[in-house]
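Student: Let me give you the structure first, and then I'll get to my questions.
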Amino acid sequence: MRVQMRTEIHKLHIRLQTTIIYVTHDQTEAMTMGDRIAVMKEGVLQQVADPISIYDHPKNKFVAGFIGSPPMNFMNGRIIKKNAKLYFEEGKICVKLIEDMFSKMAPYLGKEATLGIRSEDIYDKLFVSEAAPENIVRVNCEVYEPMGSEVYLYLNTGKHTFIARVGAHNKPRVNQDMDVVFDMSKVHFFDKDSEGTIV
């Protein structure tokens with residue numbers, strides 16, 4: 001009924017061609033029904049933009065985690081430098097930042113930061129023809145959750161747990177290690193203290 005109601009309200013909005021203010025705690029409703037979304041936390045406005053802009057360019061960690069299902073994965077670590085390149089080191093994993101991020105992340109060298117990556121931007125290495133070795137991460141698959149058209153993998157680095165959303169034909173063994181690939185062009189970094197978006 002909720003999905004049907006959402007569809008009917010959306011059709012009514014199109015037919016009336018007028019401004020409608022709709023308040024919801026359901027981010028799916030906000031994404032599917034809104035032309036512009038205002039994300040609020042404890043009465044404070046966090047970000048106002050169209051749904052795709054909020055999804056792709058969240059202003060802070062709260063917005064990034066609120067919009068999207070499953071929510072964005074977060075990992076705490078620090079920025080290090082190797083061979084004139086910047087890397088994010090979590091403890092067990094270490095991935096290379098893309099060069100476009102270097103200038104904004106340089107002030108965080110040797111400091112802690114939070115990496116955010118969406119579940120659809122993590123791939124099973126078996127299904128990636130070309131993957132940079134610096135972006136391959138060895139993890140343990142704790143839960144395999146088939147959803148029909150896709151699969152949710154609940155993964156563990158030993159320090160953080162996170163979710164990957166992969167194709168329906170991915171069938172890794174539970175409680176076994178596997179290699180996944182991070183799409184580093186899609187990751188976000190957040191200031192650990194202010195939780196504001198760095199890049």
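Student: Could you list, in sequence order, the residues of the stretch 42-91 that are in a loop (DSSP other than H, G, I, E, B), out of contact with any His (no Cβ under 8 Å at 6 or more places or on another chain) and surrounded by 15 or more Cβ atoms within 10 Å (Cβ to Cβ)?
Tutor: K59, I67, G68, P71
Student: Across the stretch 99-119, what is the total count of residues that are surrounded by 17 or more Cβ atoms within 10 Å (Cβ to Cβ), touching a residue at least 60 places away in the same chain (Cβ under 8 Å) and not in a strand (DSSP E or B)?
Tutor: Total meeting the criteria: 4.
Student: For the subset of the stretch 159-169 comprising residues that are open to solvent by 70 Å² or more (accessible area, probe 1.4 Å) and in a loop (DSSP other than H, G, I, E, B), which member is modelled with the lowest pLDDT?
Tutor: Looking at the filtered set, the residue picked out is H169.
Student: Which pairs do you get when a residue that is closer than 24 Å to Y123 by Cα and charged (D, E, K, R), found in the stretch 70-86, comes within reach of a residue that is open to solvent by less than 60 Å² (accessible area, probe 1.4 Å) and at pLDDT 95 or above, reach meaning Cβ atoms under 7 angstrom, with the pair 6+ apart or on two chains?
Tutor: R78/E89; R78/G110; R78/A113; K85/K96
Student: Oh, and also: Could you tell me how many of the residues in the stretch 170-193 are open to solvent by 40 Å² or more (accessible area, probe 1.4 Å) and touching a residue at least 24 places away in the same chain (Cβ under 8 Å)?
Tutor: Residues that pass the stated criteria total 10.
Student: Output the residue which, of all residues in the stretch 124-148 that are closer than 18 Å to H169 by Cα and among the hydrophobic types (A, V, I, L, M, F, W, C), is surrounded by the most Cβ atoms within 10 Å (Cβ to Cβ).
Tutor: C141
Student: Regarding the stretch 17-24, can at least one residue be identified that is over 24 Å from F74 (Cβ atoms), out of contact with any Asp or Glu (no Cβ under 8 Å at 6 or more places or on another chain) and open to solvent by less than 90 Å² (accessible area, probe 1.4 Å)?
Tutor: Yes: one or more hits.
Student: Let me ask something else about it. Kindly evaluate T28 against the criterion of being touching a residue at least 40 places away in the same chain (Cβ under 8 Å) and either open to solvent by 70 Å² or more (accessible area, probe 1.4 Å) or more than 19 Å from F190 (Cβ to Cβ) (or both).
Tutor: It is true that T28 is touching a residue at least 40 places away in the same chain (Cβ under 8 Å) and either open to solvent by 70 Å² or more (accessible area, probe 1.4 Å) or more than 19 Å from F190 (Cβ to Cβ) (or both).
The values are calculated or read from the model by the stated rules, or taken from the named source; none is laboratory data. Keep in mind that this is a model prediction, so the values were computed, not measured. Cβ coordinates were reconstructed from backbone atoms using ideal geometry, including for glycine residues, and neighbour counts include every protein chain displayed. Surface accessibility is based on the protein's heavy atoms, side chains included, excluding ligands, DNA and RNA. Shrake-Rupley method; radii C 1.70, N 1.55, O 1.52, S 1.80 Å.
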